[in-house]
1. If I take R0 = 25 Å and measure r between the Cβ atoms of residue 84 and residue 54 in this structure, what FRET efficiency does the formula 1/(1 + (r/R0)^6) give, to the nearest 0.05?
2. In terms of modelled amide H atoms, which long-range or inter-chain residues lie less than 5 Å from the amide H of residue 91?
Amino acid sequence: MKDGILRVWHINCEKIIQSAVTDSQIARISSLLWLPGELIMGQGLPGNQMKIQKYPMLVNSLELYGKYFSHKGRVFHIALSPDQSRLIFVAADGMACL
């Protein structure tokens, strides 16, 4: 789907159980990391940014972009350190942000 909406599906019932508008154009969510109580999304246009949403409410709790987090291409991958204290983001511009 190309409407910029994040959908959480119950795969056994084939039903949408939660959804939220992502403000991302043409379904540009390119990576997801699901943590207890949070969902971290890497996005493309319009801001090539990271968004952290509280789960299950799917409301924004933090957006990472701008001066300290500035990719020129969409975020391809998100990884969490083994001690769960740091995130690393890799983007189409060839940069990794820790």
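1. Values: r = 17 Å, r/R0 = 0.68.
Approximately 0.90, to the nearest 0.05.
2. 76
Each value in this text was obtained by applying a stated rule to the coordinates, not by laboratory testing. Treat the numbers as computed from the prediction; the structure is a model and nothing was measured. Because the Cβ atoms are built from the backbone with ideal geometry, glycine has one as well, and the counts that use them run over all protein chains shown.
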